[in-house]
Amino acid sequence: SEIRQHASILMDSLRVKTLRLLALACLAPLVVHAAADPERVRFDSLDRDGAAAVALTGLLLRPAAEAPEGGRPAVIALHGCGGMYSVLKSKRDALSARHQGMADLLVAEGYVVLFPDSFRSRGVEEICTVESRKRTITQRNRLSDTLGALAWLQRREEVLPDRVAVLGWSHGGSAVLAGLNAKDGKGAGRKAAADYFRAGVAFYPGCS
């Protein structure tokens, strides 16, 4: 009971710190907004399947109220090795409780939230049970998906292109770090600092 209580306090603290960081970095208005139903969307990764771009699906969540002039800040949320959907048979196409909780929290603060699906888009449900060296979906794939999601969001009128943050859990947390590092890299992933992620939050990323 005491352990559960401490764990609950820690999670509440993490949520508050995450919101503070994103609010300061993206300058989001700290007012409560009702969430609209998630929209299933489709966009291209920077990853390639032969000559064609890998097509990704995802869930887009946004406040129900009309966006202010100029748009809203946004957050790209990257799932971990277990995927982004619930394991309950009756909710296989709904976000897991953890992901839905974070989405609700961010939408309530006025953010547009995009969950790119790196797994089902490639015919995979999860990779937690797959040995690391045998995984077919790597951090290179996740980085390409992250940058593709950023480019897609920045083209939307409802989003402020210079106020997009990225957060992720576990395998997705590693992709957050790779995405932030790519700003100073070379090639297709390189973008001007003003057009890049405004902030990043990585929950327990892998260290490899």
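The values are calculated or read from the model by the stated rules, or taken from the named source; none is laboratory data. Being a predicted model, the structure only gives us computed values, none of them experimental. Neighbour counts run over all protein chains shown; Cβ positions are idealised from the backbone, glycine included. All accessible areas refer to the heavy atoms of the entire protein, side chains included, with ligands and DNA or RNA removed. Shrake-Rupley method; radii C 1.70, N 1.55, O 1.52, S 1.80 Å.
Pairs of lysine residues in segment 62-208 that meet both criteria, 8 or more places apart or on different chains and Cα atoms under 30 Å apart, total 5.
Between R48 and R155, the modelled labels are 1.8 nm apart [label points 7 Å from Cα along Cα→Cβ].
Think of a 1.4 Å ball rolled over the protein heavy atoms: segment 28-169 then has 48 Å² of accessible area per residue.
Note on E126 and D93: their simple-model spin labels are 2.1 nm apart, each label 7 Å out from Cα toward Cβ. Here the simple spin-label model places points 7 Å from the Cα toward Cβ, and for T57 and T136 these points are separated by 1.7 nm.
Between the alpha-carbon centres of segment 104-131 and segment 66-86 there is a gap of 9 Å.
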